[in-house]
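See structure below.
The values are calculated or read from the model by the stated rules, or taken from the named source; none is laboratory data. This is a predicted model, so every value here is computed, not measured. Glycine gets a Cβ as well: all are built from the backbone with ideal geometry, and neighbour counts include every protein chain shown.
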Amino acid sequence: MTAIALTGLRKRFAAGGTLALDDVSLEVRAGEIFGIVGRSGAGKSTLIRTVNLLERPDAGGISVLGQDMLALDDAGLRAARRGIGMVFQHFNLHTRRTVAENVAFPLEIAGLSRAGRRARVDEILPLVGLEGKRDAYPAQLSGGQKQRVGIARALASRPGLLLCDEATSALDPETTQEILSLVRGLRDRLDLTVLLITHEMGVVKAICDRVAVMEAGRIIEQGRVFDVFTRPEQPTTRHFVSEVVGHSVPATTIARLPEPGPGEVRQIAQVIFAGPNSTRAVVSEASRDFGIDINIVSGRIDEIAGEPFGVMALAAYGPREKIAASFDWMRGLGLTVTEIET
Amino acid sequence: MSWLTETMQDLLLEAFWETLIMVGAAAAIAVALGLPIALLLRVTDRDGLSPNPWVNRPLGLVVNAARSTPFIILMVAIIPFTRLVAGTSIGTGAAIVPLALAATAFLARLFENALHEVDKGVIEAARAMGATRLQIVTRVLVPEALPGIIAATTVALVSLVGFSAMAGAIGGGGLGDLGIRFGYQRFMPEVMATVVILLIVFVQGLQSLGDWLVRRVSHR
């Protein structure tokens, strides 16, 4: 089932300016955690904000939980927004309300009675591990605790969809992991669909099922997280993946590698092994069949959502065209080979 | 302390009472009128909840005009209006009208600034939750701006004490007027000094009260 269907979205902020959204179509399935990754200015923030119409697109269609958002009147839109929770990078909590009062705010807006609000707050605070902080003010909380309040508030009115706008970007790495596993746990328990945007591929790797990569207002690549990580197609995607997978070989290591002999070149490459050919003896086959020498510089096994994949850095020595042919052969086997300039 | 006769004590007490009335009444009116004006300015601003330059520009212009007129001139210039409202153009009651008007313009701007300081993110979060504009104004904008609103009111109260000294020009009385008439015109420096000290203590008290209130209501 589809939770969010965006079709042909276009948005330009200033007349004559660049397109923040350039014909973006996207489908998020019910129950999945879908990540949109991109550099700042790629349009991902605009995109997530169109889902609950904080930003109105110039053209395109938005269907959320089966509802055509653009066909709604003001009252209908407000009602629809109550079914969509949103979490923000800077938490956006009311400074003069306690934790419990912050969490109760969406219920207050919806006209729930005091007793009803209280009951719901009592129910939800333990879910985010804040039962001891109900009367604290946001200023007395750590960043991670503030975001827990933000999540509790977003979930107070039992939405089916949670939007996370860079929800962990203001947090340190350890707290980020805590918040991410909290979100994943809540998705499992509450049957949520989660759409998140981030500039950190680590976030995608940690919790997303599927991912879309955005650049200059377009989605340039999307798919299962495992596939995108192990077979990134676009240069931008490869760059994002390398942040997490780490393909850069330290300069000191390169300096210690033997220089190529006369008539030879040296080419360093990162190879990602995944899928059916990941158990083949690729290195020795390439060395034998193409008549080149291959030096394994580094190698490790990584894992995404329980699926293992191998990452290896190798230095190939031999005639330039033979090395190129061997890399093409590896690509033909479904491995991802990225040449690294030295 | 031969100058501090019983008559003089009564005069000081009466003058202090007049100052209190003028400042208190003018401030109360100014808060009541200034806050709606500030909200209207903020909401109709370019990045407000309902941007509307046709309301925002003229209103901003009127506020600025009132703010840029020197108080002593404003007081005299609006005498017909004062007569209309207060029934007379002289006395403490009449002085309240120009004081309230000046303070309203002053506070409208200060309140608008305080509303501007409210984190846009909190407003956006409320929008995302399906809040109406009215709910955003009454449950987010004003409560979040409350410390700033109280601080601005304190500033206005202190300014009003200063302005009220000029109310003597239309027979408004008050401590400032007493200082001018006795301390300056009748060469009684002791009276002048007493008035100044009283004013300093009064203003200090107002400021401390305001600061304390701000601390109480803000949770930053």
| query | Looking at the range A:147-155, is at least one residue free of Cβ contacts under 8 Å to residues at least 40 places away in the same chain and more than 24 Å from the chain's Cα centre (by Cα)? | reply | no
| Taking the stated definitions as given, is residue A:96 of a type outside the set (Phe, Trp, Tyr), at pLDDT 95 or above and within 15 Å of residue A:167 (Cβ to Cβ)? | no
| request: Could you pull out the residue among B:104, B:138, B:154 that is within 14 Å of chain A (Cβ to nearest Cβ), assigned to a helix (DSSP H, G or I) and of a type in the set (S, T, N, Q)? | output: B:138
| Given A:183, A:204, A:211, which one is of a type outside the set (Gly, Ala, Ser) and touching an Asp or Glu at 6+ places or on another chain (Cβ under 9 Å)? | A:211
| field | Residues (crowded, with 23+ Cβ neighbours inside 10 Å and among the aliphatic types (A, V, I, L, M)) located in the range A:143-175 | value | A:149, A:151, A:152, A:154, A:156, A:162, A:163, A:167
| field | Residue selected from the range B:83-97 under the condition in contact (Cβ under 8 Å) with a residue 60 or more places away in the chain and assigned to a helix (DSSP H, G or I), by the criterion nearest to residue A:163 (Cα to Cα) | value | B:96
| field | Selection status of residue A:159, in contact with a strand residue (DSSP E or B) (Cβ under 7 Å, 6 or more places away or on another chain) and either at pLDDT below 95 or not small (Gly, Ala, Ser) (or both) | value | yes
| Got a number for residues in the range B:115-135 being β-branched (Val, Ile, Thr), assigned to a helix (DSSP H, G or I) and more than 7 Å from chain A (Cβ to nearest Cβ)? | 1
| query | So which of B:26, B:65, B:15 is assigned to a helix (DSSP H, G or I), under 15 Å from the mean Cα position of the chain (by Cα) and not basic (Lys, Arg)? | reply | B:26
| Quick one: would you say residue B:193 is without any contact (Cβ under 8 Å) to a residue 60 or more places away in the chain, in a helix (DSSP H, G or I) and either surrounded by fewer than 18 Cβ atoms within 10 Å (Cβ to Cβ) or within 14 Å of chain A (Cβ to nearest Cβ) (or both)? | yes
| message | Can you find a residue that is touching a residue at least 60 places away in the same chain (Cβ under 8 Å) and within 25 Å of residue A:2 (Cα to Cα) anywhere in the range A:72-83? | response | yes
| Considering only the range A:57-83, how many residues are in contact with an Asp or Glu (Cβ under 8 Å, 6 or more places away or on another chain) and part of a loop (DSSP other than H, G, I, E, B)? | 0
| Could you give every pair whose Cβ atoms fall below 8 Å, whose first residue belongs to the range A:284-296 and is in the same structural domain as residue A:259 (by TED's automatic domain parsing), and whose second residue is assigned to a helix (DSSP H, G or I) and among the β-branched types (Val, Ile, Thr), counting only separations of at least 6 or pairs across chains? | A:290/A:323; A:292/A:323; A:294/A:283; A:296/A:283
| message | Quick check on my filter: what residues within the range A:304-321 are more than 31 Å from the chain's Cα centre (by Cα) and without any contact (Cβ under 8 Å) to a residue 40 or more places away in the chain? | response | A:321
| task | Return only the number of the condition from (1) closer than 27 Å to residue B:44 by Cβ; (2) away from every other protein chain (no Cβ under 14 Å); (3) surrounded by fewer than 16 Cβ atoms within 10 Å (Cβ to Cβ) that residue B:208 does not satisfy. | result | (1)
| said: One residue is enough: does the range A:90-97 have a residue meeting the conditions more than 9 Å from every other protein chain (Cβ to nearest Cβ) and either more than 27 Å from the chain's Cα centre (by Cα) or closer than 25 Å to residue A:214 by Cα (or both)? | reply: no
| query | Taking the range A:100-115 only, how many residues are among the aliphatic types (A, V, I, L, M) and either free of Cβ contacts under 8 Å to residues at least 24 places away in the same chain or facing chain B (nearest Cβ under 10 Å) (or both)? | reply | 5
| task | From the list A:50, A:7, A:18, pick out the single residue that is at pLDDT 95 or above, surrounded by fewer than 16 Cβ atoms within 10 Å (Cβ to Cβ) and out of contact with any Asp or Glu (no Cβ under 7 Å at 6 or more places or on another chain). | result | A:7
| Considering only residues of the range A:139-155 that are out of contact with any strand residue (DSSP E or B) (no Cβ under 8 Å at 6 or more places or on another chain) and closer than 18 Å to residue A:172 by Cβ, which is farthest from the other protein chains (Cβ to nearest Cβ)? | A:144
| request: For the range A:100-126, name all the residues that are touching a Ser or Thr at 6+ places or on another chain (Cβ under 9 Å) and part of a loop (DSSP other than H, G, I, E, B). | output: A:110, A:112
| message | With the requirement that a residue be assigned to a helix (DSSP H, G or I), over 11 Å from residue A:91 (Cβ atoms) and of a type in the set (D, E, K, R), what does the range A:134-169 give you? | response | none
| note | Out of (1) more than 25 Å from residue B:120 (Cα to Cα); (2) within 14 Å of another protein chain (Cβ to nearest Cβ); (3) touching a residue at least 60 places away in the same chain (Cβ under 8 Å), the one residue A:51 does not meet is (1)
| request: Return a yes/no flag: does the range A:92-99 have any residue that is part of a helix (DSSP H, G or I), in contact (Cβ under 8 Å) with a residue 40 or more places away in the chain and either β-branched (Val, Ile, Thr) or not assigned by TED's automatic domain parsing to the domain that holds residue A:177 (or both). | output: yes
